[in-house]
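In what follows, a structure is listed as structure tokens, so that the remarks can point back to it.
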């Protein structure tokens, strides 16, 4: 079977401007930040992002890489509203399509099943159906005659997700409390790139105690990237918690200054800059 190992920069080199890009994780939890940082080092722009957003959305928006965002929310969890996302919205620098969380889920599921849409009750009677949203309703053909939102498929050109463990073939395992929608992001995408804390043998993923946490299947994965601390500063339980002190620094530092100090080099330079900041902050 194919060995799908590659570096973060190799994965990002396969992306193109104008793509629809799905980013896994949830808020400030298990985001593929090493891949996001690699994306910020590239010249890829004009993206449509599909994300339950956190600092991935904030950083890419601040860097001017996002044309349109499809989301249910953008938050840093302990910081309710992601500040760089807020600035982008207030300046009008990106187009927003905001949907209910259940609609978001059903849009990914429709894309994963290669369906044009799926009916969902969520959204009925809410502001998501306002004029100009582009959303439509559909009526059940059966006796009940119930009206549903026809949630269009969230088809992705590529997806980026981060997991706790993976093998070289693309099977991925989560060890934390929630799988989020990472498997659906991979299934909904033409290409999927999975970063992980540690690459392990397939046998370790298929042990009886581990098989229930085997989330992502190899046939949906294009590339595997070993990236220790690859979700930093978001959480990757149980490997590490969210770095709230650094997240606060991110949220309160003007974007140009933050980007210059922490995002000017590769991943090794990023970790060194974080260590230097932490030592100076003590």
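The values are calculated or read from the model by the stated rules, or taken from the named source; none is laboratory data. This one's a predicted model, so the numbers in the text were calculated from it and none came from an experiment. Glycine gets a Cβ as well: all are built from the backbone with ideal geometry, and neighbour counts include every protein chain shown.
Within the stretch 69-102, the set of residues being surrounded by 13 or more Cβ atoms within 10 Å (Cβ to Cβ) and assigned to a helix (DSSP H, G or I) comprises 83, 84, 85, 86, 87, 88, 89, 101, 102. Taking the options 163, 108, name whichever one is at pLDDT 95 or above, closer than 18 Å to residue 30 by Cβ and not assigned by TED's automatic domain parsing to the domain that holds residue 14. Residue meeting the stated conditions: 108. Testing residue 206 on (1) in the same structural domain as residue 23 (by TED's automatic domain parsing); (2) out of contact with any strand residue (DSSP E or B) (no Cβ under 6 Å at 6 or more places or on another chain); (3) without any contact (Cβ under 8 Å) to a residue 40 or more places away in the chain; (4) surrounded by 14 or more Cβ atoms within 10 Å (Cβ to Cβ), one condition comes back false. Which one is that? In the conditions (1) in the same structural domain as residue 23 (by TED's automatic domain parsing); (2) out of contact with any strand residue (DSSP E or B) (no Cβ under 6 Å at 6 or more places or on another chain); (3) without any contact (Cβ under 8 Å) to a residue 40 or more places away in the chain; (4) surrounded by 14 or more Cβ atoms within 10 Å (Cβ to Cβ), residue 206 misses (4) alone.
Scanning the stretch 59-68 for residues that are surrounded by 22 or more Cβ atoms within 10 Å (Cβ to Cβ) and out of contact with any strand residue (DSSP E or B) (no Cβ under 9 Å at 6 or more places or on another chain) turns up 59, 62. If the condition is being in contact with a strand residue (DSSP E or B) (Cβ under 6 Å, 6 or more places away or on another chain), closer than 16 Å to residue 234 by Cβ and in a loop (DSSP other than H, G, I, E, B), then the stretch 36-58 contributes only 52.
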